[in-house]
Each structure stands twice: as structure tokens, then as C-alpha cells.
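Visitor: Mind having a look at this structure? Questions to follow.
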Amino acid sequence: MLVYLSLGANLGNREETINKALDLLSEQVGPLIKRSSFYYSEPWGFDSQNDFCNICASFNTILSPLELLATTQSIERQLGRKKKITKLPNSPINEKMVNEQMRKYEDRLIDIDIIRAFENNGSEIFFTHSTLHIPHVYWKQRDFVKVPLSEIMH
């Protein structure tokens, strides 16, 4: 399977962290096929003084979509990412839902999203699960994904 990932960071040495993530992805996911240039942008979905550095990269992998997700999340943790869960006192909040929203909209050392995937015959993979959607739900709305992705898909 050929997968396209988006990597972003807006804390620390962003470029160095993304390059470390690419090395770990090459070791744990499969061979790096192509990577885009760095793309810099303001945060999407929240306010922060820290701009993002993003790239897209493609890899060949034998991992299933859910194995790929587990691997990318493990790499995020290896690089220091911590998931933040906020609970309001005396409020029955679904922790998974809070975790998903907080994870999406906060400053981060590294974020790795699965954007698109293709079978070896070139047909696009459409995958829906409670924790993963391929293609990524918001990829067409985000220039920080569309621009670097178009660089490596053409």
C-alpha cells in the first residue's frame, strides 16, 4: 500500500522533529518514497503564536490502516507528544471525545496524519473506523496539506 502522510509541528525545533519523524517512519512503516518541501502556516482550528511547519511524505507499507495509525501514534509519543485530556468537574464527558478534540486543536511537538492511501494497483483506499478515516476528513480544506501533497503526487 502507498500511503501519504502529513507531518506538522509548531513547538521546538520543528524541522528537526519532522526529520526525526521521517527517519522513524522509514524504520517502522516502510520505505520513504517522496517528501515535500517544508510548508509554513498559521495554526488551523485554534489560536497560537506558534506557526506550523508541515510536510507531506509517501511511504510503501505492508501495515493495515489501523496498524499504521498505531505506529504513527507511537512515533508521536517517541518524539515527546503527550495527549491532553481535560475533564470538567462533575460533568459526564466522554474522555475519548475530549481527547480527540484536544488533540486536534493544540500546540504540538509533532502530529502525523494519514491523508490518503492507494492499493498497489493504484486504486484509492477508502477506510472508515471510529478512530480513522482514509482519506482524511479535512485534507481538502487545509492548504498546509493540499500544497505539499500536490508537490509529491505529481
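Visitor: Along the Cα→Cβ direction, 7 angstrom out, place labels at Lys20 and His154. What is the inter-label distance in nm?
Guide: 3.4
Visitor: How far apart, in nm, are two points set 7 Å out from the Cα along the Cα-to-Cβ line at Gln49 and at Ile62?
Guide: Going from the Gln49 label point to the Ile62 one covers 4.9 nm.
Visitor: OK, next. Could you tell me the number of lysine pairs in the chain with C-alpha atoms less than 18 Å from each other, where the two lysines are 8 or more residues apart or belong to different chains?
Guide: Counting lysine pairs in the chain gives 14.
Visitor: Just Glu119, Glu15, Glu106 to compare: in a GNM of the chain, with alpha carbon springs under 10 Å, which one fluctuates most?
Guide: Glu119
Visitor: Counting helices only, and only those DSSP H runs with n ≥ 4, report the 222 nm mean residue ellipticity of the chain as the sum of -39,500 (n - 2.57) divided by its residues, in deg cm²/dmol to the nearest 500.
Guide: On the way: 4 runs with 50 residues, N = 154.
It comes out at -10000 deg cm²/dmol, rounded to the nearest 500.
Visitor: Write down, largest first, the equivalent ellipsoid semi-axes of the chain in whole Å, where each equals the square root of 5 times an eigenvalue of the alpha-carbon gyration tensor. Display every interim value, and only then the final one.
Guide: Numbers: eigenvalues 122, 70, 44 Å².
Semi-axis lengths for the chain are 25, 19, 15 Å.
Visitor: Between helix 65-78 and the chain, what is the angle of the helix's C-alpha long axis to the longest principal axis, kept within 0 to 90° and rounded to the nearest 10?
Guide: 60
Visitor: Gln28 to Asn121: FRET efficiency via 1/(1 + (r/R0)^6), r the Cβ-Cβ distance, R0 30 Å, to the nearest 0.05? Write down the numbers at each step before the final one.
Guide: Values: r = 25 Å, r/R0 = 0.83.
That gives a FRET efficiency of 0.75.
Visitor: Would you kindly state how much longer the chain becomes between His129 and Gln78 on full extension, computed as 0.36 nm times their sequence separation minus their alpha carbon distance, in nm to one decimal? Before the final figure, lay out each step's value.
Guide: Values: separation 51, 0.36 × 51 = 18.36 nm, distance 2.45 nm.
Separation in residues times 0.36 nm, less the Cα-Cα distance, equals 15.9 nm.
Values quoted throughout were computed directly from the atomic coordinates according to the rules given, and no laboratory measurement underlies them. This is a predicted model, so every value here is computed, not measured. Here the Cβ is made from the backbone with ideal geometry for all residues, glycine too, and neighbour counts use every protein chain on show.
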